[in-house]
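Enquirer: Quick one: the structure is below, and I'll ask about it shortly.
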Amino acid sequence: MFRIPIQQRPNWQRKAADFGFKFHTMHGEPYWDETAYYQFTLNQIENDIEQPTADIHQMCLAVVERVVHDEALLARFQIPETFWLPIADSWKSRDPSLYSRLDFSYDGSGPAKLYENNADTPTSLYESGFWQWLWLEEQVNKGLVHKKADQFNSLQEKLVIRLGEIAHHYQLDFMHFACCKDTDEDRGTVQYLQDCAREAGIADYFVYMEDIGLSESAAFTDHDDQIIETLFKLYPWEFMQREDFAQHIQSSGTHWVEPLWKSVLSNKALMPMLWKMFPGHPNLLASYFEDELHLANETQLVKKPIFSREGANISIIENGKTVLEAQGPYGEEGFIYQAYSPLPKFGDNHTLIGSWLVDDQPAGISVREDTSLITQDMSRYLPHIIL
Amino acid sequence: MTQRKRSSNINLASMRKGFSVKPLALGIAAVMLSRCGEETEKATVYTSVDDCTNQNPGQEELCKTAYQDALDEAQRTGPKYASRQICEEEFGANQCNYTRTESGSFFMPFMAGYMLSNLLSPRGYNTQPMFTSYSPYSSYRHRWMGADGSDYGDYRRRNMNVSKKAFKSKPSVSKTMSRGGFGSSVRAKSSWGSSSRKSSGWGG
C-alpha cells in the first residue's frame, strides 16, 4: 500500500460539471483530490479487505439476529420501543438491503481494524462507484497509470443488479428516492442511485424528506401527491423514528430501503455487541458499553456517541483524560468506548479505508484522508488502484 | 486471479447530466430509448397535430388527443424553473412560458413536439412530451429531450426505436392530508454551532 503522487487530469473540473459531480470542492476546500492515489496489491485487497468485509458482514447479521429477539438489547441500542416489533418483522421477512460501508484502519499489513459500520446512510458512493472508476480509465488511457492496473470497485455494476432485484422482490417498476434539502452531497448520492435504478429499468421519482406527505389512506406521498410505495431514503432511521411521522412508518405500507432492521447495524452499540459475540476477532477492536467500562484494560480509548455522523462528538481518551475531541450535536443517547487504534499516516495524512458491500457482497473501497486523527466531513477523497 | 475487480462497463452517456442549471422539478420519461438486447418498437416525434395527421391520414382525432395528453403531461412533469432567465439560458430566448401549478408558479419550456408510439394499437397509444433547446449554452441545443432530461438525439431525427416496456406503471395519486413530518432532526442538528457545514449531508 503506497501513496503515489500523479498529475491531475487537466480538464477534470469541466468533466465533473458534465457529469453532475457538484461537491468535489466544499467550502473552498478540495474534497475530491487526484493529486495522488493509493496503490494496493491484489493480495492486500482480497485477503486483508475483501474477505474480512464479507466475514464481518455475516457477523453483523448474527448481531441483528440476536438483538431483534432481546428487548434489553434493543433498549441498549436506543431504539424506541414502538419500533421493536416492526424491526423484528422486517428482519424475519428478510426485507432486502441495498448497501453498507465498513470503515477500516489499515496500513497495508496486518489485519484491518473495523471502526464502524455505516449500514443505513453511507455516502461517498458516487465518488467511489463512478468517479474514481472514470479517473482510472482516463489515467490509464493517458499512460500515467500502468495498463494492467485494476481497481477494487464493482459498485456500480452491483448496485444496478441489486436495485433490479429489490424492484423484483416488491414487484414494482418504479421507486422513490429521498434526501434532505440544501445538501449537494446527499442529493448527488441519491441522484447516483436514481441513475443506477434507471440502468436497471426502474422508473425513478425524487422527493425531499421534508416534502413527504401523508395521504388520507395513511400512505406516504410525494410533492405530486403520488403514493410512495418503495422509498430509498438517505436519511437516518434514528432520526425518522423520533420525528412526527414516526407513528406512520409501519402503517404506511411503504417498502423501505434500507430496511428497518438496518437500524441495528447503523448504530455504534453494534461495536460492543460484536466484541461480546466474537471476542478477540482479528478485525475487531475491543469495545465496551458505557456501564461496562470497568472491563476495559486499555489505557487509550475512543469515545463515540451511539448515534453520530462524520466523526462528530468523537473523543480520544488517555488514562481517563480527553486528549482530542471533535465537536458536534450528538451524544444524548449515550456513548460506547472502543480501543484506540490510530489511523496509519501516509505523509501528513491519516488514511481511512471505506469498504463497500452491496447486499452481502464486498463491492469495492474508498480511500479518505484527513490531517486530523478523527476523519470528519472535511476529509479528502483519493482514488486507488490495484497493481 | 485474473478476474477484474472493477465494473466492466459503465454507460458514460447515461451518466452525463445535461442541464446547465438543474430544474426545480423534473419529470420522468414514460418511453425510453431502447437499450441493447431489449425488445423495441417504433416511435415517431411529431411537432404538431397537423404533422401527425399528415403522416397518419384519417387519424386526426387520435393525433389531437395524443397531443393534448402530451401537453398535460408536459405541464405536469416538464422541467420547471424559478426564473425566466434560468429557463431561457437552457432553452433559448422566448422559449419559456410562465405557468401555475398546484405546487407553485414556474417558468417552463414550450413543448416542442410529442413522441407517439402504438398509435393504432388496440392496447392504446403511448404519448409523451418532447422539448428542445435553441440556446448556445445548452447541451440540449437542437436535440430532443424528454421531461426527465433524457437525450433522444438530434431534433431532425423523427423516428426512433424505443423500449417495448414503454408504458411503465406509475404511482397512484392520493389526497395528501399533512406534510413535513420528516426532517425536524436535521433542523435541530443544523442549528448546532456556526462551524458546522450547512451543505454537508446527513449520510455518513
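Enquirer: Taking the options A:E81, A:E46, A:E34, name whichever one is at pLDDT 95 or above and buried (at least 19 other Cβ atoms within 10 Å of the Cβ).
Expert: One residue alone meets the criteria, A:E34.
Enquirer: Quick one: which residue in A:F232, A:F239 is outside any loop (DSSP other than H, G, I, E, B), in contact with a helix residue (DSSP H, G or I) (Cβ under 9 Å, 6 or more places away or on another chain), without any contact (Cβ under 8 Å) to a residue 24 or more places away in the chain and open to solvent by less than 20 Å² (accessible area, probe 1.4 Å)? Talk me through it step by step, then tell me what you get.
Expert: Numbers: A:F232 fails: without any contact (Cβ under 8 Å) to a residue 24 or more places away in the chain.
Only one candidate qualifies: A:F239.
Enquirer: Oh, and also: Tally the residues that are hydrophobic (A, V, I, L, M, F, W, C), within 25 Å of A:M175 (Cβ to Cβ) and open to solvent by less than 10 Å² (accessible area, probe 1.4 Å), restricting the search to the stretch A:250-275.
Expert: 4
Enquirer: Any idea how many residues of the stretch A:205-218 are open to solvent by less than 10 Å² (accessible area, probe 1.4 Å) and either part of a helix (DSSP H, G or I) or at the interface with chain B (Cβ under 7 Å from one of its Cβ atoms) (or both)?
Expert: Residues meeting the conditions: 4.
Enquirer: Scan (1) farther than 16 Å from A:T121 by Cα; (2) under 21 Å from the mean Cα position of the chain (by Cα) for the single condition A:L155 breaks and write down its number.
Expert: Condition not satisfied by A:L155: (1).
Enquirer: Go through (1) under 16 Å from the mean Cα position of the chain (by Cα); (2) within 11 Å of chain B (Cβ to nearest Cβ) for A:G328 and report which single condition fails.
Expert: Status for A:G328: all satisfied but (1).
Enquirer: Considering the stretch A:138-160 alone, what residues qualify as being surrounded by 15 or more Cβ atoms within 10 Å (Cβ to Cβ), without any contact (Cβ under 8 Å) to a residue 60 or more places away in the chain and either aliphatic (A, V, I, L, M) or farther than 27 Å from A:D360 by Cβ (or both)?
Expert: Result: A:V140, A:V160.
Enquirer: May I ask you to list the residues in the stretch A:1-24 that are within 14 Å of chain B (Cβ to nearest Cβ) and exposed (fewer than 13 other Cβ atoms within 10 Å of the Cβ)? Walk me through how you get there before you give the answer.
Expert: Here is the first cut: in the stretch A:1-24, the ones within 14 Å of chain B (Cβ to nearest Cβ) are A:14-24.
Selection gives A:R14 alone.
Enquirer: Taking the stretch A:276-312 on its own, how many of its residues are surrounded by 13 or more Cβ atoms within 10 Å (Cβ to Cβ) and of a type in the set (V, I, T)?
Expert: Adding up the residues that qualify gives 2.
Enquirer: Go through the stretch A:136-158 and give me each residue that's of a type in the set (A, V, I, L, M), within 13 Å of another protein chain (Cβ to nearest Cβ) and over 22 Å from A:C196 (Cα atoms).
Expert: A:V140, A:V145, A:A149
Enquirer: Looking only at the stretch A:163-176, count every residue that is in a helix (DSSP H, G or I) and open to solvent by 30 Å² or more (accessible area, probe 1.4 Å) and tell me the total. Walk me through it before giving the result.
Expert: Of the stretch A:163-176, the ones in a helix (DSSP H, G or I) are A:163-169.
The next check asks that each one be open to solvent by 30 Å² or more (accessible area, probe 1.4 Å); those that pass are A:165, A:168-169.
Result for the stretch A:163-176: 3.
Enquirer: In the stretch A:86-96, is there at least one residue being within 14 Å of another protein chain (Cβ to nearest Cβ), more than 19 Å from A:S154 (Cα to Cα) and surrounded by fewer than 19 Cβ atoms within 10 Å (Cβ to Cβ)?
Expert: We begin by selecting, within the stretch A:86-96, every residue within 14 Å of another protein chain (Cβ to nearest Cβ); these are none.
Checked the stretch A:86-96: no residue is within 14 Å of another protein chain (Cβ to nearest Cβ), more than 19 Å from A:S154 (Cα to Cα) and surrounded by fewer than 19 Cβ atoms within 10 Å (Cβ to Cβ).
Enquirer: Report, by residue number, each residue of the stretch A:331-385 that is among the aliphatic types (A, V, I, L, M), within 14 Å of another protein chain (Cβ to nearest Cβ) and open to solvent by 10 Å² or more (accessible area, probe 1.4 Å).
Expert: A:L352, A:I374, A:M378, listed by residue number.
The values are calculated or read from the model by the stated rules, or taken from the named source; none is laboratory data. Because the structure is a prediction, the values reported are computed rather than measured. Methodologically, a virtual Cβ is constructed for each residue, glycine included, from the backbone with ideal geometry; neighbour enumeration extends over all protein chains shown. For accessibility, only protein heavy atoms count, side chains too; no ligands or nucleic acids. Shrake-Rupley method; radii C 1.70, N 1.55, O 1.52, S 1.80 Å.
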